[in-house]
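These notes are about the structure you will find just below.
The values are calculated or read from the model by the stated rules, or taken from the named source; none is laboratory data. It should be emphasised that the depicted structure is a prediction, and the values quoted were computed from it without experimental measurement. So basically every Cβ, Gly included, is an ideal-geometry build from the backbone, and we count neighbours across all protein chains shown. What goes into the accessible areas is simple: the full protein's heavy atoms, side chains included, and nothing from ligands, DNA or RNA. Shrake-Rupley method; radii C 1.70, N 1.55, O 1.52, S 1.80 Å.
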Amino acid sequence: MKFLRLPQPDSFPSEMQIILNGRAHTLECQATVADLLESLDLAQKPVVTELDGQALPRGDHNSTALSEGARVEIIVLAAGG
């Protein structure tokens, strides 16, 4: 009988890399889109988000987890002339 050795909890990565507006960005593992927007001070701003090429409604930001290598585009809407 063979036993598999599981990694120790402290050996799991605590951060991940995503692509944010075309550039590498580091954030905490298990972060949601809402967490990302909060870390960028954009949580209360009017934004349009896209995750891996698909538009993401604001109502899904809290429940949508990001994963390593996710491609996120954020556009901040601004009024003016």
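Taken over segment 20-34, the criterion of being within 11 Å of the chain's Cα centre (by Cα) and either among the hydrophobic types (A, V, I, L, M, F, W, C) or open to solvent by less than 80 Å² (accessible area, probe 1.4 Å) (or both) is satisfied by LEU20, HIS25, THR26, LEU27, CYS29, ALA31, THR32, VAL33, ALA34. Here segment 35-53 is the region considered, the condition is being touching a strand residue (DSSP E or B) at 6+ places or on another chain (Cβ under 8 Å) and among the hydrophobic types (A, V, I, L, M, F, W, C), and the residue that is surrounded by the most Cβ atoms within 10 Å (Cβ to Cβ) is LEU36. Can you name the residue in segment 54-81 that is assigned to a helix (DSSP H, G or I) and without any contact (Cβ under 8 Å) to a residue 12 or more places away in the chain and, of all such residues, is most open to solvent (accessible area, probe 1.4 Å)? Applying the filter and picking the extreme gives ARG58. Considering the conditions (1) at pLDDT below 95; (2) under 13 Å from the mean Cα position of the chain (by Cα); (3) not aromatic (Phe, Trp, Tyr), PRO9 is excluded by exactly one of them, (2).
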